[in-house]
Amino acid sequence: MAGSPMSSPAVEREWWKGPTWEIQIFYPAPGVLYTRAEGQADLECAQHAMQAFDRVAAATTEKVAVFHDWEGITAYTAEVRSTYTKWSKGHVERLAGVHILIRSRMVAMAVTLVSAAVGGVITAHYDRNAFEKLRAETILRRRRASENPPDDGGPPTSGPYSIRRGWMTNNGQ
């Protein structure tokens, strides 16, 4: 049975359910992907996560920070590991880092193997508090960066020294 959305896919959140798995996908900040999954993942489940990454990567020139809360994943098919490994190798240059919260030893083994195959860009986390703290800090940093883009080298348009009607002013004087 094909996975079906649990609610209408939206810009900020998707929720998919298959016969043995469920995955929620969030887009909390520019260049950040967060997924939460549970159950026994099959290829369709993994494809939802990979397609979500592709959407985030297409929307930014920055490298993408990925957070997977896969503490609830208890098993996966062999096809998932081989497909995800191959896919990851083709996307490693777009990754700022992949952080995966895990509990299952089987999933931990897969994370270790995939990480080795892609140059160690994937980090396994076993402590929820540390994982959530890192995720929250990354989201906040990316949101702030999108609200305050880097200086393009042009004259300031606000602040104590700004350009107003062609004149440089100091605090409006």
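Okay, here's what the table says:
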item: Extreme residue, farthest from the chain's Cα centre (by Cα), among residues of the stretch 77-109 that are of a type in the set (Gly, Ala, Ser) and in a helix (DSSP H, G or I); result: Ala78
item: Test: residue in the stretch 53-65 that is of a type outside the set (Lys, Arg) and either assigned to a strand (DSSP E or B) or over 23 Å from Glu14 (Cα atoms) (or both); result: yes
item: Single condition Ala136 does not satisfy, out of (1) within 15 Å of Ala46 (Cβ to Cβ); (2) part of a helix (DSSP H, G or I); result: (1)
item: So Ala124, is it of a type in the set (A, V, I, L, M), at pLDDT 90 or above and exposed (fewer than 14 other Cβ atoms within 10 Å of the Cβ); result: no
item: Unique residue being within 21 Å of Glu137 (Cβ to Cβ), in contact (Cβ under 8 Å) with a residue 24 or more places away in the chain and of a type in the set (S, T, N, Q) when the list is Thr123, Thr83; result: Thr123
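Here is a yes/no grid of residues against (1) within 25 Å of Ala130 (Cα to Cα); (2) buried (at least 21 other Cβ atoms within 10 Å of the Cβ); (3) among the β-branched types (Val, Ile, Thr); (4) touching a residue at least 12 places away in the same chain (Cβ under 8 Å):
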| position | (1), (2), (3), (4) |
| --- | --- |
| Gly39 | yes, no, no, yes |
| Asp42 | no, no, no, yes |
| Ala46 | yes, yes, no, yes |
| Ala59 | no, no, no, yes |
| Glu62 | yes, no, no, yes |
| Thr74 | yes, no, yes, yes |
| Gly90 | no, no, no, no |
| Val98 | yes, yes, yes, yes |
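The values are calculated or read from the model by the stated rules, or taken from the named source; none is laboratory data. Keep in mind that this is a model prediction, so the values were computed, not measured. No Cβ is skipped: glycine too gets one built from the backbone with ideal geometry, and neighbour counts run over all protein chains shown.
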